[in-house]
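Read the figures in this text as sums done on the coordinates, not as results from a lab. On a predicted model such as this, the values are computed, not experimentally measured, just so you know. As a convention, Cβ positions derive from the backbone with ideal geometry for all residues, glycine included, and neighbour counts pool all protein chains shown.
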Amino acid sequence: MKDLSHLYKDLYGERYDKADMDARYESLIQRHEELFGTKEDDIALFSTAGRTELAGNHTDHNLGKVIAGTINLDTIAAVSLRDDNKVIVNSEGFPEVVVDITDLEVKADEVNTTQALLRGIAKSFKDRGLKIGGWQANTTTRVLRGSGLSSSAAIEVLCAEIFNNLFNDDVLAPVELAKIGQYAENVYYGKPSGLLDQIGCAQGGIVGIDFEDNANPVLTPIDINFEDYGYDLVIVDTKGDHADLTGEYAAIPTEMREVAAYFGKKNMREVSWEDLISHFKEVRAAVGNDRAVLRAIHFLNENTRVEAMLECLQEKDIDGYLYFVTESGNSSFKYLQNVYPVVDTKHQGLPIALSLTEDFLCGEGACRVHGGGFAGTIQAYIPKEDTADYIALMDSIFGEGAATVLAIRKKPTCRLI
């Protein structure tokens, strides 16, 4: 295998294990040779990472502002060309997927399948007047599933980058690959997602994203490494059950839009704080749902908070940034109300993790709910000298491997060799 070690720092941060990564890629190539009989010289390697949400909890779906960071946990693929029009993906732990891309129609029986994503991605390239062709790949991932790190968006962007690189000389920028992934997910897969996850996986580094014009989001790259300021970014998987939470997630944008509708608007981005406060009594009566009003309050304040957090990061004001991280977490708990589901108040892993983390930090660092909420993960900024003790504490409560130290990945989705 060709030496990839010169890429590892930009892919995996400072604390990667070279031997581990070498073995991981060597195993991927060997598996490709076993599956497809392809020689190593004809195999290309691709990598797309997961993402972490740093600010803007549940704001993107109402055209809000967020901060996302591409992380050091990625999905990698070994890929070779085919001489037909089939795309074959063999993902570790899943059945092999085969799609004939001469047929790009939406298939009702493919909803919620990888086949649908592949067909939708190919269709989006075709609609843009770009080239498509057959390829075969095997993949393995370290993007933790069910942890709000966007494992599904990572595979979407990865497959888009394969078409982009192999057939189109990387003509599309990461944000366009993100749009293609979102299109496939919305139209073919049947999931009405926003664009945050795909941009976070595609872009590389930390980026502020303004979704006011959803078709053309404005990106603000930020160059900062939390480790340089003495903090490790850690997520804790509380091992909560995500089953039957679709209604909880779907209610958030719906309720925000109910408040916006009072003002004749579609999304909360189109409503000002002054509008809401000056008509507060009337809004509350018309909507008839105090939780919806509280979620609208969260949106408006969180959108403003993202601006302040971006400014802090640009000025390298880590203390100011962490103050707003805490404020974001408090708003999510009190007003957005996404730290535990109302249908199951007996299981509150996220509040437990937040409480224990606040006690552990004793006023240092910060913590907040991560991603969608209700079950899943929290995000914490832990002083580096305390990280090992914090991991031991969280693992003792939620199980081995519950806590994971993240690093910000600099590279966007890409072909490695």
Q) Which trypsin sites (Lys or Arg not before Pro) does region 32-69 hold that lie in a coil by DSSP with at most 11 other beta carbons within 10 Å? A) Lys39
Q. Remind me, relative contact order of the chain in percent, using alpha carbon pairs under 8 angstrom and six or more residues apart?
A. 23 percent
Q. Quick one: net charge of Ala286's neighbours, Cβ under 15 Å, K/R +1, D/E -1?
A. 0
Q. To the nearest 10 degrees, how steeply does helix 246-262 sit against the main Cα axis of the chain, on a 0 to 90 scale?
A. 60 degrees
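Any number yet on Rg/Rh for region 19-164, C-alpha, Kirkwood? Walk me through the numbers on the way to the answer.
On the way: Rg = 16.3 Å, Rh = 16.4 Å.
A ratio of 0.99.
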Q. For region 349-417, which GluC sites (Glu not before Pro) are in a loop by DSSP, counting at most 12 other Cβ atoms within 10 Å?
A. Glu400
Q. In whole Å, what is the distance between the alpha-carbon centres of region 262-280 and region 1-72?
A. 42 Å
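Relative contact order of region 135-258: what whole-number percent is it, with Cα pairs under 8 angstrom and at least 6 residues apart? Numbers along the way, then the final one.
Numbers: 90 pairs, mean separation 20.8, N = 124.
Computed over region 135-258, the figure is 17 percent.
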Q.
Applying a 10 Å radius around every beta-carbon, put 370-380, 171-181, 150-160 in order of their mean neighbour count, most first.
A. 150-160, 370-380, 171-181
Q) Thinking of the chain as a set of Cα atoms, what percent of all their pairs are more than 35 Å apart? A) 29 percent
Q.
Loop-only trypsin sites (Lys or Arg not before Pro) in region 247-317, please: DSSP not H, G, I, E or B, and at most 16 other Cβ atoms within 10 Å.
A. Lys265, Lys266, Lys316
Q. How big is region 277-339 in terms of Cα radius of gyration and Dmax, in angstroms?
A. 14.1, 44
Q: Starting from the Cα of Lys123, draw a straight line to each of the lysines and keep only those under 23 Å, dropping any in the same chain fewer than 8 residues away.
A: Lys86, Lys107, Lys131, Lys179, Lys191
**Q.** Label point distance in nm, Glu40-Asn186, each placed 7 Å from Cα along Cα→Cβ
**A.** 4.4 nm
Q.
What is the angle, in °, between the Cα long axis of helix 18-36 and the longest principal axis of the Cα atoms in the chain? Nearest 10 is fine, range 0 to 90.
A. 60 degrees
Q: Please report, to two decimal places, log10 I(q)/I(0) for region 226-406 at q = 0.08 Å⁻¹ as given by the Debye formula with identical point scatterers on the Cα atoms and no solvent.
A: -0.29
Q: Take the Cα of Tyr323, step 7 Å along the line toward its Cβ, and report every residue of region 56-82 whose backbone nitrogen sits under 19 Å from that point.
A: 56
